Each structure stands twice: as C-alpha cells, then as structure tokens.
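Structure record follows, encoded as structure tokens.
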Amino acid sequence: MDAVTPVIAVHALAAGYVLLLGPLQILRRRRDLAHRLLGASWVAAMLLVCGSSFWIMPDGFSWLHVLSIWTLVCMVAAILGIRRGNVAVHRGFMIGSYLGTLTAFAFAALVPDRLIPQLLRSEPVIVLAAALGIAGIVLVLQLSAVRAVAPRPRTAAASRTASPRAEGA
C-alpha cells in the first residue's frame, strides 16, 4: 500500500469537505450570506483539492490532473459569473465542478489499486473516523452559518425602546 503523505491527507480531507458540503449548497433554497460564506469555504477547499493533486502523481500526470485544471477554470468562471449577476452561469459551473469531483472520487474509490480501497481494507476505522469528522465539521459550519445570518425577529420590547426621533431622521 502507498503511504499516506501529508499532501494526500490534505487532498483527501479537502475533497471530503467538498463532497459533503456540495449537496447542501446546491439543494439549499436560500441564497443568502450563509450560502456565500459556505460557498467561499467550498471554493477554498476546491482550490486545495486541485492544487494538492499536482503533488500526487505516482505514475506521472493523468486525466485527473486535467480535471483539476478544468475545475480551476470552472471556479474562476463561476465566480466571475456571479459577480456579473449571471446566476445561471454560476450555478452551471459550480454544479459541474461538483459533478467532476464526484467523478474523480468514484474513480479513486472504485479502482482497487487506488489508495482509498487499500485504506478501506487495511485501516477502515481511520477512514470511518475521518469521514465522520468531516461530516461533523460540515454540519457545524452549516448550522453556524445559517444561524449567524438568520434575520432576528423584532420583539415588542425592542419596538417600544426605539426612539421616534430616530425613526423620523
């Protein structure tokens, strides 16, 4: 079995974060500050996944490295799209990037000679602990971001203490 290097560990943890947060971002109905904050963390994780992939090449560069380059291009296009107000372009490139990550994961997980199946055979507890840890982080960040930006309902007491002069100014 190949050794799990620090680069591979960073790559795998960031990819796990991308894979678990992606559906939450895609399926979430509200596109608010929480979506933007979590989206920024998702893009940062994608940059880690793509960037670290270039230091993982036991047999030289492969089609997965081409996918990394394409994903970086897609991230730029998605960010430019949303900054220009083109939600359809943003959505298309983000969902496409997620599907590309799923494809790469399927290849890494289903080919027996790759590291993930080897780790599942030799160290299943470590793989399970890592997956649960990543899921916990995604859940905590999701809940924290949604709660942090949720609109606070005005209470009657807050309305009474507001100065009429301040409202008319």
Practice task
Assign unit charges at the C-beta atoms only (+1 for Lys and Arg, -1 for Asp and Glu), then state the dipole size of segment 6-150 relative to its Cα centre in Debye, rounded to the nearest 20.
Solution key: 760 debye
Problem - Choice from 85, 133, 16 with maximal GNM fluctuation in the chain (Cα, 10 Å cutoff) - result: 85
Practice task
Return the calculated 222 nm mean residue ellipticity for the chain, to the nearest 500 deg cm²/dmol, obtained by summing -39500 (n - 2.57) across DSSP H runs with n ≥ 4 and dividing by the residue count.
Solution key: -26500 deg cm²/dmol
Fill in the blank from the handout: Check: C-alpha center segment 102-146 vs C-alpha center segment 61-97, spacing in Å is 23 Å
Practice task
Treat segment 6-150 as a sphere of radius equal to its Kirkwood radius over Cα pairs and apply Stokes-Einstein at 25 °C in a medium of 0.890 mPa s; give the translational diffusion coefficient in µm²/s, rounded to a whole number.
Solution key: 153 µm²/s
Problem - Highest to lowest packing among 45-54, 67-76, 140-149, scored as the average C-beta count within 10 Å - result: 45-54, 67-76, 140-149
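Each reported figure results from applying straightforward, stated rules to the coordinates on display, with no laboratory input. For clarity, every value in this text was computed on a predicted model and none was experimentally measured. A quick note on method: Cβ atoms are made from the backbone with ideal geometry, for glycine too, and the neighbour counts reach across all protein chains shown.
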